[in-house]
1. When every alpha-carbon pair in segment 72-172 is counted, what percent end up more than 17 Å apart?
2. Mind jotting down the three principal axis lengths of the chain based on Cα atoms? Whole angstrom, largest first.
3. Classify segment 82-132 from the C-alpha gyration tensor, please: rounded if a/c falls under 1.5, else prolate or oblate depending on whether a/b exceeds b/c.
4. According to a simple spin-label model (label point 7 Å from Cα along Cα-to-Cβ), what is the distance in nm between residue 123 and residue 18?
5. Taking the alpha-carbon distance from residue 78 and a cut-off under 27 Å, which lysines remain once sequence neighbours fewer than 8 residues away in the same chain are dropped?
6. Tabulate in residue order the Karplus-calculated ³J(HN,Hα) for segment 23-28, using 6.51 cos²θ - 1.76 cosθ + 1.60 with θ = phi - 60°, rounded to whole Hz; enter x for Gly and Pro.
7. Based on alpha-carbon centroids, what's the gap between segment 104-176 and segment 29-83 in Å, whole number please?
8. Any chance you could list P(r) for segment 125-175, counting all Cα-Cα pairs in 10 angstrom bins from zero, rounded to whole %?
Amino acid sequence: MSARRDELTRQAARLFAQKGYHGTSIGEIAEALGVQKASLYAHIESKQDLLYATMREGASAFHAGLDAIPEELPPTEKIRLALRSHLRVVADQLDVATVFVQEWRYLEGERRDEILGERRRYEERIKALFREGRELGDLRSDLDDATAALLALSAANWAYTWLQPGRDTDELADRFYALLVDGMRGYATP
C-alpha cells in the first residue's frame, strides 16, 4: 500500500472513530488530507474501501497479539498476555480499535462476512484459552468458556472509550487478569 493510501486510511479511521462511519463524509476525509474530494478516488472506489481497510488493520493487529504468545506457556499466563496484547492494541491504535469495535456493522457484502469471520475467530481463540485452562485444571472445572471469553473481551473492548493513546497498558491488563482469573480459579466442581 502506498504512503498516500496509508495516510488516507489513517485519516479515515480517525474521523470514523470521532464521528462514526455515517457521520463522516468523503469531503471531510479529503479536507483532512488537504486534497480535493475527487482526488481521493484515485486511491479508493468508495468510503467502504476505507472502512474495510481499517477493519483489516484492526483484525490483523488483534490476531498478531495472540500469535505472539508462546504456545508452551501455562493457559492462565496466555490469558494474561492476551489481555495485555488486547489493551496494547487499543491504546496504540485507538482509532483503529474504536472503528473495529463500533463501526463493523456498516460494512457490506463479502467484506462484512469476512470481518465478522475474523471477529468470531478472535473470540474463539480467546475462548480456547479459557477452555485450555479449565481442561488442564488451572481454572474452575465448571467454567463456561464462552461466558469467560465474553466477559474478558467485553471489558477489554470497552477500553477504547477511556484509554489514552500510547498509555502503558501492561499493569492495567494485569489488574484485569487478577480480577477475572482469580474469580475463575479456586474450587473445582464435580
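The values are calculated or read from the model by the stated rules, or taken from the named source; none is laboratory data. Remember, it's a predicted structure, so these values are computed and weren't measured experimentally. No Cβ is skipped: glycine too gets one built from the backbone with ideal geometry, and neighbour counts run over all protein chains shown. Please note that ligands, DNA and RNA were not included when accessible areas were found on the heavy atoms of the full protein model with its side chains. Shrake-Rupley method; radii C 1.70, N 1.55, O 1.52, S 1.80 Å.
1. 56
2. Taking the Cα atoms of the chain, the three principal extents are 66, 33, 28 Å.
3. Cα axes put segment 82-132 in the oblate bin.
4. Simple spin-label model gives 3.1 nm for this pair.
5. Within the straight-line limit of under 27 Å, residue 78 reaches these lysines: 127.
6. Once rounded to whole Hz, the list reads x, 10, 9, 4, x, 5.
7. First find each Cα centre; the distance between them is then 16 Å.
8. All Cα pairs considered, the percentages come to 23, 42, 27, 8.
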